[in-house]
1. Is there a quick way to get the dipole size of the chain? I mean about its Cα centre, with the Cβ of Lys and Arg at +1 and of Asp and Glu at -1; what is the value in debye to the nearest 20?
2. Taking Cα atoms, how many degrees apart are the long axis of helix 335-346 and the longest axis of the chain, rounded to 10 and kept between 0 and 90?
3. I want to verify the translational diffusion coefficient of the range 224-299 in µm²/s; compute it with Stokes-Einstein, Rh as the Kirkwood radius over Cα pairs, at 25 °C and 0.890 mPa s.
4. Once the dipole of the chain is set up with Lys and Arg at +1 and Asp and Glu at -1 on Cβ about the Cα centre, which of 205, 301, 139 lies farthest towards its positive end?
5. Modelled label-to-label distance, residue 88 and residue 244, 7 Å Cα→beta-carbon offset: nm?
6. Using only Cα atoms and rounding to the nearest 10 degrees, what angle (0 to 90) does helix 414-425 make with the longest principal axis of the chain?
7. Heavy atoms only, probe 1.4 Å: what % of the accessible area of the range 238-382 goes to carbon and sulfur, would you let me know?
8. Sticking to Cα atoms, compute the Rg of the range 139-246 to one decimal and its Dmax as the biggest Cα-Cα distance, whole number, in Å.
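The values are calculated or read from the model by the stated rules, or taken from the named source; none is laboratory data. Treat the numbers as computed from the prediction; the structure is a model and nothing was measured. Using ideal geometry, Cβ is built from the backbone for each residue, glycine included, and neighbour counts are taken over all protein chains shown. The accessibility values were calculated without ligands, DNA or RNA, using every heavy atom of the protein model including side chains. Shrake-Rupley method; radii C 1.70, N 1.55, O 1.52, S 1.80 Å.
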Amino acid sequence: MDKFEVAVIGAGPSGVSAAITLARAGKKVLLVERGDGAGDKNVFGGTIYAVQTADIFPEFWNSAPVERSITEQKIFMLTDEDSSQFSYKYKLREHKAFTVNRAKWDRWAVCQAVDAGAYYAPKTLVKQIIVENGKILGIETEFEKIYCEIVIIADGINSIFAKQLGLRNDIKDKDVSVSVKETIELPKEKIEDRFNLDEETGCACKILGGPLKNKMALGFMYTNKNTVSLGFSIGIDELKKHHLKPYEIMDELKSHPTISSYIKGGKVIEYSSHLIPEGGYNCIPKVYDNRVMVVGDAAMLVNNIHFEGTNLAMLSGKLAAETAIDALNRQDCSASVLSEYYKKLENSIVIKDLRTHKNTIDVIRKNISTLTSLYPELACQFFDIMSSADYIPKRAKYRKFLSTVIKKGMLPSVPLAILAMEKCFKK
Ligand SMILES: Cc1cc2nc3c(=O)[nH]c(=O)nc-3n(C[C@H](O)[C@H](O)[C@H](O)COP(=O)(O)OP(=O)(O)OC[C@H]3O[C@@H](n4cnc5c(N)ncnc54)[C@H](O)[C@@H]3O)c2cc1C
């Protein structure tokens, strides 16, 4: 093979976005993927986000293999048997997010990069980055050595190459969660009936509590055309601490009365599992050095509070590629020029949003029982009060509700509730 200007390791959203940006600028770029096809090794929930995706693939929804455009966001708060649901349903004015099947989406995305001029090498495992006398010279695959000016590391959460170069340490258990997902096949009409959708629209659900209560765990359910994706992610430390088995939690989730009503009669056609970086801002490694940059999950760029990963992956890939284009034009691929990549990340929503949430996970961890057990219970109790007309006076019901709030240590919110109630009951 000839010498390339840039070699990108990994054809996930971050790698493809980097490759396509470089190819469009006329740079000679090689995209290497170990899977038989892009997407074969990739797992996600999930939704891709329209605005940032369209930045790389303009109006992609007209030609890409998307499943459904999301028009409803739901939060299920489960108790052991009941649930309350909060929903935001909107008229489809502009696309916000789409469910996609990664095996189909990633393949389509790679074709766009190839059409733009990128060289693509599937079924090719990169074994190491070639470093001689401290200088990065290229990549070594299972077949050959490939030389280039810049390597972009887009190999996902385990990133052996960021570790090889000393840019990243092993991830701590508390900074990573494992996610399991079942793809459940159902007739299209049943999905549309149960989720109140039409052919074009889709629903994205987050699940709190129930079998996930008192754990750093969150469930999800997404509608595709003919399938529903159901799963959850849970901290590795939680699994170890409580000796939990993900498939047991999955079975409990599927048999919860609320969830089972959505998937009843469905056939599981895929079971998958993958790691998600959870450490956020505090875990971002060094993302550049002489002749190298790290993008996407490999750089831990996931905003788990908002379920955003693919968009940050694509954006970081694009920003790294733009930095590489500038460096190649200047014929200077040193760390000082590539440091521009980190500045671009800082000025973008990637680092701005991760910084906003830099303490959020710790706060959630400290309040996990309140969030996943108490709130779902209170929400159900509240709806129960509102919906049952019997011979118990309303005042007694409100007292009981408030006493639960007090007993469970939610005192800070009590003065406000009392003030509100006093106002209501003022004679
Ligand atoms: C269950 C689950 C649900 C999720 N839900 C959502 C969601 O709803 N929305 C969202 O935006 N994000 C979601 N995410 C996160 C999102 O999937 C990731 O943030 C995103 O895929 C990261 O893209 P990436 O390109 O950095 O890495 P990846 O998608 O992991 O791609 C890395 C690629 O590198 C390849 N590779 C690795 N090593 C080598 C090697 N040695 N040689 C060659 N190739 C190699 C892999 O095969 C792979 O194709 C979810 C993740 C999980 C696990």
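1. Here the chain has a charge dipole of around 1660 debye.
2. It works out to around 20 degrees.
3. Diffusion coefficient, whole number: 155 µm²/s.
4. 205
5. 2.6 nm
6. Between the helix axis and the principal axis of the chain, the angle is about 50 degrees.
7. Its accessible area is 50 percent carbon and sulfur atoms.
8. For the range 139-246, the Cα radius of gyration and maximum Cα-Cα distance read 19.9, 55 Å.
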